[in-house]
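So the structure is just underneath, and the comments pick up after that.
The values are calculated or read from the model by the stated rules, or taken from the named source; none is laboratory data. What you see is a predicted model; the values in this text were computed from it and never measured. So basically every Cβ, Gly included, is an ideal-geometry build from the backbone, and we count neighbours across all protein chains shown. Note: areas computed on protein heavy atoms with side chains; ligands, DNA, RNA excluded. Shrake-Rupley method; radii C 1.70, N 1.55, O 1.52, S 1.80 Å.
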Amino acid sequence: MPTKSTEKLETFESFNPTTNSVLGTFLIIDEAEVRRSVSAARSASKQWHELGFRGRKKILLAWAKVLIERIDECGTLISQETGKPVSDAKLEATLAIGHLAWAARSAAEVLRTQHRKPGLLMANMSATVQRSPFGVVGVIGPWNYPIFTPMGSISYALAAGNTVVFKPSEYTPGVGLWLAATFAEVAPFENIFRVVTGTGDTGRGLCESGVDKLAFTGSTHTAKKVAELCAKSMTPVVLECGGKDPVIIAEDADLKTAAEFSLWSAMSNAGQTCIGAERIYVHSKVAEEFIALLVQGAKNIKAGLPSEANYGPSTMPKQIPIIKSHIVDALANGATAALGGIESVHAPYVDPVILLNVPESSIAMTDETFGPTIAVNKVRSVEEAIALSNASSYGLGAAVWSRRHGEEIAAQLQCGMVSINSTISFAAIASVPFGGVKNSGYGRIHGPEGLLEFTYARTVVRSRFKLPVVFTTFKRTRFADKLIVGLIKSLHGRSVG
Ligand code: NDP
């Protein structure tokens, strides 16, 4: 929230959500300043590109080293701004560093110029596809994983040869500026990676600033605004949005492990994980045993201060009434609580809540709750679980627990990522893409696809020698016409499959 107007730019404060104390005061970078930042980043982009893969790799790996050396500082800062335990914050940072190093090391191989076959008709041509960085990439990030999430775009965009302007969430501006400060320690020149702090208006300014690509991570609601704004200037976007991730527990699942992992997926980080479990579909034959294990596990975890509890507060105060409304709506529509209930919500904390038999039409099943609650519904078959999983408007991640049928089930799910007999693990594997379908967004970060996302394909064809017969001039003869039709007939005319 803007608090005062000093000098030229307004400022806002960031708070520690556990104590409500002010952590810092930050500038609300306005539209004109955002444009200046983008223009500065543009002035650096040619030099950054010309460093080549090897030059950039050296710098990005040096940055990774600085981040590792200062991981305690990073963990403390994230914990203060989000309220999560320091150990969770450090885990998040290690994963982000892993992605940075992978992107730095893999860019040359993934983005190398490729030679393609020209085909018989164009046999005299060489055909190549180059990958070109866009120029300046704008990155807009959320607060729930303030280093891991934006670095999924920043690392890959930089490694691909773009300069970056990053707008962190107004809840975690300190982490954003800390990232820029650590990069500055290894940067060979200025303006390769800039941070613009501020509110939603600053994000809007970034969308309209003339960046060459915009990578957004946040809610579906804001993503649609971002896509609309960017469409006006034909700025390409990658949108990483919310989810309502299902977990399928088949009859042959390892129930103990499934309960332990699903509980962590749903409740860790106070349930503020885009790929966290929100709905569990468990086969009725094993439901009682699974639910008992889940409830037993949940009784042993608690919300509270980062130094004392398994997870912290809801970082955004405005999420509390949303979480409460989901519980109220589910219970009013016939669900029962196996653990907790409305009384579990005591701002800024929410104790673990496990709801059973939640009507599929209730908001606890249709909308992202983003709190430490989980809905568990029994199903009569795996087919029913798959159909209910796919009935969501979201399609981000999913988890499948089955000893024998995991891959078969996974193949039928409409989502961007699935873990079999595991949870969330795809986010920690740098070599695989991350992203969703439907309301969960489009485009991919991480992995080779994440590097490709921050480049565009440039086709370059070259004439190697002259053919006796030419097709692409006004001097084309009737013989050439006949030849081309004859050739295409003999090449493809008889093909049936
Ligand atoms: P929001 O959509 O509220 O905000 C995301 C970012 O967009 C923030 O930096 C915000 O700034 C900025 N913003 C707000 N309004 C605008 C606008 N009009 N134009 C441009 N930018 C704007 O999301 P949250 O920060 O609350 O993050 C939580 C959401 O992110 C959840 O839905 C979660 O599922 C999703 N998420 C998705 C991930 C994925 O990879 N798929 C990963 C992590 C989270 P400000 O904070 O200043 O308002």
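When you go through (1) within 16 Å of the ligand (Cβ to nearest atom); (2) outside the structural domain of Gly218 (by TED's automatic domain parsing); (3) crowded, with 24+ Cβ neighbours inside 10 Å one by one for Ser393, which number turns out not to apply?
Tallying (1) within 16 Å of the ligand (Cβ to nearest atom); (2) outside the structural domain of Gly218 (by TED's automatic domain parsing); (3) crowded, with 24+ Cβ neighbours inside 10 Å, Ser393 fails exactly one: (3).
For residues that are open to solvent by 10 Å² or more (accessible area, probe 1.4 Å), closer than 20 Å to Ala364 by Cβ and not in a helix (DSSP H, G or I), tally how many sit in region 251-272.
The number of residues fulfilling the criteria is 0.
Applying the selection to region 454-471, what residues are over 30 Å from Leu111 (Cβ atoms) and open to solvent by 90 Å² or more (accessible area, probe 1.4 Å)?
If the condition is that a residue be over 30 Å from Leu111 (Cβ atoms) and open to solvent by 90 Å² or more (accessible area, probe 1.4 Å), then Lys466, Pro468 are the ones that fit.
Taking into account only those residues within region 275-294 that are open to solvent by 10 Å² or more (accessible area, probe 1.4 Å), in contact (Cβ under 8 Å) with a residue 24 or more places away in the chain and out of contact with any helix residue (DSSP H, G or I) (no Cβ under 8 Å at 6 or more places or on another chain), which is nearest to Asn390 (Cα to Cα)? Explain how you work it out, then say what you get.
The initial filter retains those residues of region 275-294 that are open to solvent by 10 Å² or more (accessible area, probe 1.4 Å), namely 275, 278, 283-286, 288-289, 291-293.
Then drop every residue that is not in contact (Cβ under 8 Å) with a residue 24 or more places away in the chain, which leaves 275, 278, 283-286, 289, 291, 293.
In the following step, the residues that additionally are out of contact with any helix residue (DSSP H, G or I) (no Cβ under 8 Å at 6 or more places or on another chain) were identified as 284-285, 291.
Working: Ser284: 19, Lys285: 22, Ile291: 22 Å.
Per the stated criteria, the residue is Ser284.
Would you list the strands (runs of 3 or more DSSP E) that sit entirely within region 96-159 and hold 1 or more residues that are among the small types (Gly, Ala, Ser), in contact with a helix residue (DSSP H, G or I) (Cβ under 6 Å, 6 or more places away or on another chain) and within 16 Å of the ligand (Cβ to nearest atom)? Can you show your working first?
Working: elements: 114-116, 125-133, 136-140.
Output list reads 136-140.
In region 322-344, which residues are within 28 Å of the chain's Cα centre (by Cα) and among the aliphatic types (A, V, I, L, M)? Talk me through it step by step, then tell me what you get.
Here is the first cut: in region 322-344, the residues within 28 Å of the chain's Cα centre (by Cα) are 322-327.
If the condition is that a residue be within 28 Å of the chain's Cα centre (by Cα) and among the aliphatic types (A, V, I, L, M), then Ile322, Ile323, Ile327 are the ones that fit.
Quick grid of which residues meet (1) touching a helix residue (DSSP H, G or I) at 6+ places or on another chain (Cβ under 6 Å); (2) surrounded by fewer than 22 Cβ atoms within 10 Å (Cβ to Cβ); (3) outside the structural domain of Val186 (by TED's automatic domain parsing):
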residue	(1), (2), (3)
Ile59	yes, yes, no
Ala62	yes, yes, no
Leu67	yes, no, no
Arg70	no, yes, no
Gly75	yes, no, no
Ile78	yes, no, no
Thr82	no, no, no
Leu91	no, yes, no
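Go through Pro317, Pro306 for me and flag whichever is within 16 Å of the ligand (Cβ to nearest atom), within 25 Å of Ser79 (Cβ to Cβ) and assigned to a loop (DSSP other than H, G, I, E, B).
Values: Pro306 fails: within 16 Å of the ligand (Cβ to nearest atom).
The conditions single out Pro317.
Does Val110 meet the test of being in the same structural domain as Ala44 (by TED's automatic domain parsing), over 23 Å from Gln272 (Cα atoms) and modelled with pLDDT of 95 or more?
Values: in the same structural domain as Ala44 (by TED's automatic domain parsing): yes; over 23 Å from Gln272 (Cα atoms): yes; modelled with pLDDT of 95 or more: yes.
In short, yes.
For a quick check of your reading: which helices (runs of 4 or more DSSP H) sit entirely within region 379-492 and have at least 1 residues that are closer than 30 Å to Ser45 by Cβ?
Working: elements: 382-390, 406-410, 447-453, 478-488.
The helices (runs of 4 or more DSSP H) meeting that bar are 447-453.
Considering region 394-421 alone, what residues qualify as being of a type in the set (Gly, Ala, Ser) and within 25 Å of Pro150 (Cβ to Cβ)? Working first, answer last.
At the first step, the residues of region 394-421 found to be of a type in the set (Gly, Ala, Ser) are 395, 397-399, 402, 406, 410-411, 416, 419.
Those that are of a type in the set (Gly, Ala, Ser) and within 25 Å of Pro150 (Cβ to Cβ): Gly395, Gly397, Ala398, Ala399, Gly416, Ser419.
Of Ala266, Ala258, Ala231, which residue is within 16 Å of the ligand (Cβ to nearest atom) and not assigned by TED's automatic domain parsing to the domain that holds Ser39?
Values: Ala258 fails: within 16 Å of the ligand (Cβ to nearest atom); Ala231 fails: not assigned by TED's automatic domain parsing to the domain that holds Ser39.
Result: Ala266 is the single residue among Ala266, Ala258, Ala231 that is within 16 Å of the ligand (Cβ to nearest atom) and not assigned by TED's automatic domain parsing to the domain that holds Ser39.
For region 192-214, does any single residue satisfy the condition of being in the same structural domain as Ser422 (by TED's automatic domain parsing), within 16 Å of the ligand (Cβ to nearest atom), in contact with a helix residue (DSSP H, G or I) (Cβ under 7 Å, 6 or more places away or on another chain) and not in a helix (DSSP H, G or I)?
Here is the first cut: in region 192-214, the ones in the same structural domain as Ser422 (by TED's automatic domain parsing) are none.
Scanning region 192-214, I find no residue that is in the same structural domain as Ser422 (by TED's automatic domain parsing), within 16 Å of the ligand (Cβ to nearest atom), in contact with a helix residue (DSSP H, G or I) (Cβ under 7 Å, 6 or more places away or on another chain) and not in a helix (DSSP H, G or I), so the answer is no.
Sort through Ser490, Ser463, Ser419 and tell me the only one that's within 16 Å of the ligand (Cβ to nearest atom) and either out of contact with any Phe, Trp or Tyr (no Cβ under 8 Å at 6 or more places or on another chain) or at pLDDT 95 or above (or both). Steps first, please.
Working: Ser490 fails: within 16 Å of the ligand (Cβ to nearest atom); Ser463 fails: within 16 Å of the ligand (Cβ to nearest atom).
Unique residue meeting the criteria: Ser419.
Being within 24 Å of Lys232 (Cα to Cα), within 13 Å of the ligand (Cβ to nearest atom) and in the same structural domain as Asp88 (by TED's automatic domain parsing) is the requirement here; does Thr163 meet it? Walk me through how you get there before you give the answer.
Numbers: within 24 Å of Lys232 (Cα to Cα): yes; within 13 Å of the ligand (Cβ to nearest atom): no; in the same structural domain as Asp88 (by TED's automatic domain parsing): yes.
No: the conditions fail for Thr163.
Here are some residues: Ala398, Ala410. Which one is in contact (Cβ under 8 Å) with a residue 60 or more places away in the chain and open to solvent by less than 30 Å² (accessible area, probe 1.4 Å)? Working first, answer last.
On the way: Ala410 fails: in contact (Cβ under 8 Å) with a residue 60 or more places away in the chain.
Matching residue, one of Ala398, Ala410: Ala398.
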